[in-house]
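Engineer: Questions regarding the structure given below will be posed in turn.
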2 protein chains.
Amino acid sequence: MARDTRQRIMTMALALFNEEGEPNVTTNRIADELEISPGNLHYHFRTKSDLIEALFGQFEQRMLELLATPDERQPDIEDIWLFLHLCFETIGEFRFLYRDLTDLCGRHRGVHQRFRAILNLSMNTARGLMDGLAAAGQLEASSLEMSALVRNIVLVSTCWLAFDQVIERDGEGRPDRAVWQVMSLLSPYLAGDSRDQLLALARQYQISL
Amino acid sequence: MARDTRQRIMTMALALFNEEGEPNVTTNRIADELEISPGNLHYHFRTKSDLIEALFGQFEQRMLELLATPDERQPDIEDIWLFLHLCFETIGEFRFLYRDLTDLCGRHRGVHQRFRAILNLSMNTARGLMDGLAAAGQLEASSLEMSALVRNIVLVSTCWLAFDQVIERDGEGRPDRAVWQVMSLLSPYLAGDSRDQLLALARQYQISL
């Protein structure tokens with residue numbers, strides 16, 4: 001029962017943070033929406049920071065699971081597309097974290113360190129995927145270009161949501177546009193079948209100019 | 001004299017916003033640092049929003065001047081590198097705007113609209129530069145790739161600072177690393193002399209892996 005309330009608080013907080021931005025939502029507001037007393041909420045989460053860190057913990061677990069997914073075989077372009085799609089779904093689910101990332105990291109040192117670890121792990125994963133494509137003769141890049149490519153893959157993945165929100169009127173719910181924006185970074189480096197495969201996927205997901 | 005005070009307030013506010021993050025700096029703090037009364041500051045800027053908008057106005061003017069710089073001749077890779085260098089200098093000078101962009105745009109509708117206009121103008125400029133390189137036989141990209149490239153140029157330029165700050169310990173004062181991170185987006189599309197020219201510039205600015 002208490003466990004149930006804890007989860008209900010987290011679910012409501014996540015929905016409100018995503019909808020209205022974390023700085024604009026108080027714990028009292030969350031309690032109000034759930035029709036529980038502020039004291040009850042306080043019993044589960046002593047401060048708003050505790051609540052944010054608990055949500056971050058859920059996000060972190062999801063991302064670490066995604067990034068650790070073992071691959072028996074050399075992933076091809078479609079595997080990478082689907083992998084990114086799953087990443088962007090998770091990012092979308094916890095989008096409040098990505099909307100004000102610098103501010104959030106500034107206010108929560110623990111979150112900053114753990115977020116930085118996720119970014120570094122993401123760079124390792126991206127590097128592994130690119131090296132795999134290169135080893136299979138599907139990607140050609142100088143080592144200087146490769147380092148910049150890996151960094152840009154993680155940068156565009158991390159910042160897409162915030163950028164899209166500033167530049168568009170409706171910045172959400174289009175993971176495949178985000179996936180294409182990341183995959184387009186690889187596009188000019190691809191060789192062999194991979195280039196055609198990427199173009200076919202872009203068409204399949206109806207990416208347009 | 002009053003004009004002088006107004007400018008001193010803006011200079012101090014910019015320094016403090018950049019150093020400590022705009023949400024963490026009150027107008028009273030700014031008045032304190034300048035050893036003027038809160039009432040005096042209030043005479044020049046009725047609210048903190050007014051102060052933010054005045055600073056944004058300065059930034060906007062600088063960016064519009066940069067983006068409007070007419071070019072008599074077709075710019076080459078080095079011209080584009082230097083142009084980006086100037087952009088990143090301006091971004092660094094007003095880095096508080098870039099650190100919490102989504103939050104800032106959420107709280108200031110006027111700033112959001114004007115920032116969006118700058119981003120759209122930047123995309124037009126990037127598009128013009130890329131079309132110019134393509135017309136000169138120095139760049140080869142499909143139209144789908146070109147659209148993604150233009151968007152990524154502006155995305156990486158806009159988000160570099162926030163990303164760098166989250167991932168590194170010292171996220172500031174290295175415009176040429178930022179320039180390279182943007183120029184690397186073009187790199188695989190370059191043909192003719194331009195590809196060598198870019199590599200030579202990366203070496204000259206001591207970009208390393």
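The values are calculated or read from the model by the stated rules, or taken from the named source; none is laboratory data. Source: prediction; values computed, not measured. Here the Cβ is made from the backbone with ideal geometry for all residues, glycine too, and neighbour counts use every protein chain on show.
Engineer: Look at residue A:102 and say whether it is hydroxyl-bearing (Ser, Thr, Tyr) and either surrounded by 19 or more Cβ atoms within 10 Å (Cβ to Cβ) or not assigned by TED's automatic domain parsing to the domain that holds residue A:184 (or both).
Structural biologist: So residue A:102 passes the test.
Engineer: I'm trying to understand the selection: among the residues of segment B:71-99, which are part of a helix (DSSP H, G or I) and either modelled with pLDDT under 90 or not assigned by TED's automatic domain parsing to the domain that holds residue B:133 (or both)?
Structural biologist: B:99, the sole residue that qualifies.
Engineer: Quick one: which residue in B:162, B:134, B:126 is closer than 24 Å to residue B:189 by Cβ and in contact (Cβ under 8 Å) with a residue 24 or more places away in the chain?
Structural biologist: B:126
Engineer: Could you please let me know if residue A:103 is over 30 Å from residue A:133 (Cα atoms) and touching an Asp or Glu at 6+ places or on another chain (Cβ under 9 Å)?
Structural biologist: Yes, satisfied.
Engineer: In this structure, is residue A:31 modelled with pLDDT under 95 and small (Gly, Ala, Ser)?
Structural biologist: No.
Engineer: Quick check on this structure: which one of A:155, A:119, A:144, A:129 is within 19 Å of residue B:156 (Cα to Cα) and at pLDDT below 95?
Structural biologist: None of the others qualify; the one that does is A:144.
Engineer: Which one is farthest from residue A:155 (Cα to Cα) among residues in segment A:176-209 that are without any contact (Cβ under 8 Å) to a residue 24 or more places away in the chain and basic (Lys, Arg)?
Structural biologist: Ranking the candidates gives A:203 first.
Engineer: Looking at segment B:61-94, which of its residues are small (Gly, Ala, Ser) and either surrounded by 14 or more Cβ atoms within 10 Å (Cβ to Cβ) or at positive phi (or both)?
Structural biologist: Answer for segment B:61-94, where residues must be small (Gly, Ala, Ser) and either surrounded by 14 or more Cβ atoms within 10 Å (Cβ to Cβ) or at positive phi (or both): just B:92.
Engineer: Can you name the helices (runs of 4 or more DSSP H) wholly within segment A:1-70 that have at least 2 residues being within 14 Å of chain B (Cβ to nearest Cβ) and within 17 Å of residue A:100 (Cβ to Cβ)? Spell out how you get there, then give the answer.
Structural biologist: Numbers: elements: A:2-20, A:27-34, A:38-44, A:48-68.
Qualifying helices (runs of 4 or more DSSP H): A:2-20.
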